[in-house]
1. So, in the stretch 109-167, exactly how many residues are part of a strand (DSSP E or B) and open to solvent by less than 30 Å² (accessible area, probe 1.4 Å)?
2. Could you tell me how many of the residues in the stretch 86-107 are free of Cβ contacts under 8 Å to residues at least 12 places away in the same chain and either within 19 Å of the chain's Cα centre (by Cα) or under 20 Å from T193 (Cα atoms) (or both)?
3. Scan the stretch 116-132 residue by residue and report those that are free of Cβ contacts under 8 Å to residues at least 60 places away in the same chain and among the aliphatic types (A, V, I, L, M).
4. Only residues that are at pLDDT below 85, open to solvent by less than 30 Å² (accessible area, probe 1.4 Å) and among the hydrophobic types (A, V, I, L, M, F, W, C): list them for the stretch 64-100, please.
Amino acid sequence: MKKRFIIIALLLSSFMFFSIMLISCVTEQPKYTPKPYYYFKEEQFNENYQKWKDLNISDYSFVWEIYGATPNVTIYGSVTRRGEEFSVEITYDEEHYRDERMKKRIPNEGDATYMTSIDDAFNLIKSTYATQKELFDKGELFSVTASVNYDKQCFFPEYASVDTEEEWDYIEEADGVYVAPDGKRPELSFGITKFEILK
């Protein structure tokens with residue numbers, strides 16, 4: 001009788017243990033709820049801009065590249081600057097930009113993206129970030145991220161991007177690991193190459 005009681009007790013204990021395990025697996029775990037965020041190393045940005053200005057380089061040339069989703073979307077601007085005088089020659093894939101809708105993306109004189117100097121490049125980053133940060137503060141954007149890589153000798157922005165998201169749309173790849181979807185929207189993405197100090 002005692003043996004039978006022990007066996008029944010063990011069976012009941014095992015049943016309860018596995019029932020609890022099953023319930024815990026089936027019960028939906030609370031989803032990770034991220035907070036809105038913004039990112040910009042503004043102090044580093046200001047330091048590099050000041051270092052660039054301290055060099056007092058007045059005569060120089062460079063090429064800016066405004067990037068798109070594919071290489072044939074990239075727009076190039078070759079800039080030559082001597083003091084206050086400058087010239088800008090813009091080139092692009094004419095086949096890709098043949099219709100009027102696409103032509104509107106080509107920078108014209110007076111546009112923020114029509115860079116005529118390194119100072120314009122710095123100002124473009126700052127103004128683009130400020131505009132998107134204002135929308136973030138109003139709750140219209142989930143995130144604003146500004147990333148800048150600087151030249152180690154002359155401190156100008158070699159590459160800059162300002163990305164935004166209207167809502168949390170990262171995809172859970174594995175437990176607790178999230179990756180950005182392909183649809184993350186770049187507000188600005190450009191680079192500076194072939195920088196040369198002129199004699």
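1. 11
2. The number of residues fulfilling the criteria is 1.
3. A130
4. V73
The values are calculated or read from the model by the stated rules, or taken from the named source; none is laboratory data. Small disclaimer: the values here were computed from a predicted structure and weren't measured. Every residue, glycine among them, receives a Cβ derived from its backbone with ideal geometry; neighbour counts consider all protein chains shown. These accessible areas exclude ligands, DNA and RNA; they are computed on the full protein's heavy atoms, side chains included. Shrake-Rupley method; radii C 1.70, N 1.55, O 1.52, S 1.80 Å.
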